[in-house]
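Written out below as structure tokens is the structure these notes cover.
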Amino acid sequence: MEARGLAAGYGRVPVLRDIDIKVRPGEVVALLGPNGAGKTTLLRTLAGYRRPTGGDVFLFGAPCNRVPVYKRCRQGVSFMGEERHIFPGLTVRQSLRLVRSKSGHQELFPSLDRRIGHRAALLSGGEQQMLALTLALARDPRLLLIDELSLGLAPLVRERLLDTVRATADRGVGVLVVEQNARSVLSRADRAYVMRRGEIVDEGPAQRWLDDLDGLAALYLS
């Protein structure tokens, strides 16, 4: 996936300006920045939920500015929003059957086995996010876009989810992830982009930022 000169907004209010970003197969790319930087808008634009007002998005080498969400899904794009994409009224078993998981993704989180007959709405926040990630992976995506992976979750759950994201990329999937805990996501990422006020203000190897978290924090505030 690649975006060049991407702009987007809400009505006449611009949010994204001149965004250049790329995610290659087999890598985890962290998207960092303070609240209100435009990270969610960027992910939703890349996923097709918002149409760009400028620039271009390419998926697997083909332009896709006007390609609707359902066609992007068919092409191999999977999107996990911060609202947790689960089926609250279905049990874990029914949810997995609905997406016809064929690749054993339900085995990613053994703790879900103990809750297989429970409705998704009754799961803990961590279990719901595990289920959401399992469902996102069930169709074997080529590109995974994740917004606020571990918001409000316990550190142990966050680390387990991020380990799964890293393992997913190691199987050849490109992953772009927004995550508020910079240290945790950078330790699994290959590269990182930093956003502020709707623009990319820096990019580079994840290790560079992992070695300079104070500098990253200063960039958030500058």
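The values are calculated or read from the model by the stated rules, or taken from the named source; none is laboratory data. Since the structure is predicted, the reported quantities are computational estimates derived from the model, not experimental observations. FYI the Cβ positions are ideal-geometry reconstructions off the backbone, even for glycines, and counts take in every protein chain you see.
Values as computed for the structure displayed
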{"read-out": "Options Leu144, Leu122; residue that is among the aliphatic types (A, V, I, L, M) and surrounded by 21 or more Cβ atoms within 10 Å (Cβ to Cβ)", "value": "Leu144"}
{"read-out": "Which numbered condition Leu16 misses (of (1) closer than 19 Å to Gly61 by Cα; (2) of a type in the set (A, V, I, L, M, F, W, C); (3) in contact with a Pro (Cβ under 9 Å, 6 or more places away or on another chain))", "value": "(1)"}
{"read-out": "Hits in the range 147-183 (condition: crowded, with 20+ Cβ neighbours inside 10 Å, within 25 Å of Ala218 (Cβ to Cβ) and among the hydrophobic types (A, V, I, L, M, F, W, C))", "value": "Leu149, Leu162, Leu176, Val177, Val178, Ala182"}
{"read-out": "For Gly54: the one exception among (1) out of contact with any helix residue (DSSP H, G or I) (no Cβ under 7 Å at 6 or more places or on another chain); (2) modelled with pLDDT of 95 or more; (3) closer than 23 Å to Arg191 by Cα; (4) of a type outside the set (Val, Ile, Thr)", "value": "(3)"}
{"read-out": "Selection within the range 114-155 - of a type in the set (Gly, Ala, Ser) and within 26 Å of Tyr49 (Cα to Cα)", "value": "Ala120, Ala121, Gly125, Gly126, Ala132, Ala136, Ala138, Ser150, Gly152"}
{"read-out": "Qualifying residue in the range 156-163 (condition: in contact (Cβ under 8 Å) with a residue 40 or more places away in the chain and in contact with a strand residue (DSSP E or B) (Cβ under 7 Å, 6 or more places away or on another chain))", "value": "no"}
{"read-out": "Helices (runs of 4 or more DSSP H) contained in the range 19-103 and holding at least 3 residues closer than 15 Å to Glu2 by Cβ and among the hydrophobic types (A, V, I, L, M, F, W, C)", "value": "39-47"}
{"read-out": "Lone qualifier among Ala3, Ala47, Ala8 - being in contact with a strand residue (DSSP E or B) (Cβ under 9 Å, 6 or more places away or on another chain), aliphatic (A, V, I, L, M) and over 25 Å from Ala206 (Cβ atoms)", "value": "Ala8"}
{"read-out": "Number of positions in the range 175-222 that are within 23 Å of Glu83 (Cα to Cα) and over 20 Å from the mean Cα position of the chain (by Cα)", "value": "0"}
{"read-out": "Residue that is farthest from Leu161 (Cα to Cα) [pool: residues in the range 194-221 that are surrounded by 20 or more Cβ atoms within 10 Å (Cβ to Cβ) and touching a Lys or Arg at 6+ places or on another chain (Cβ under 9 Å)]", "value": "Gly198"}
{"read-out": "Residue within the range 180-188 that is outside any strand (DSSP E or B) and under 14 Å from Arg24 (Cβ atoms) present", "value": "no"}
{"read-out": "Filter pass, Tyr49 being surrounded by fewer than 16 Cβ atoms within 10 Å (Cβ to Cβ), under 26 Å from Leu153 (Cβ atoms) and among the hydroxyl-bearing types (Ser, Thr, Tyr)", "value": "yes"}
{"read-out": "Test: residue in the range 65-77 that is surrounded by 16 or more Cβ atoms within 10 Å (Cβ to Cβ) and aromatic (Phe, Trp, Tyr)", "value": "no"}
{"read-out": "Matching residues, the range 124-174, being touching a Lys or Arg at 6+ places or on another chain (Cβ under 7 Å), modelled with pLDDT of 95 or more and outside any helix (DSSP H, G or I)", "value": "Val173, Gly174"}
{"read-out": "Residue, nearest to Asp140 (Cα to Cα), within the range 1-18, restricted to residues that are small (Gly, Ala, Ser) and in a strand (DSSP E or B)", "value": "Ala3"}
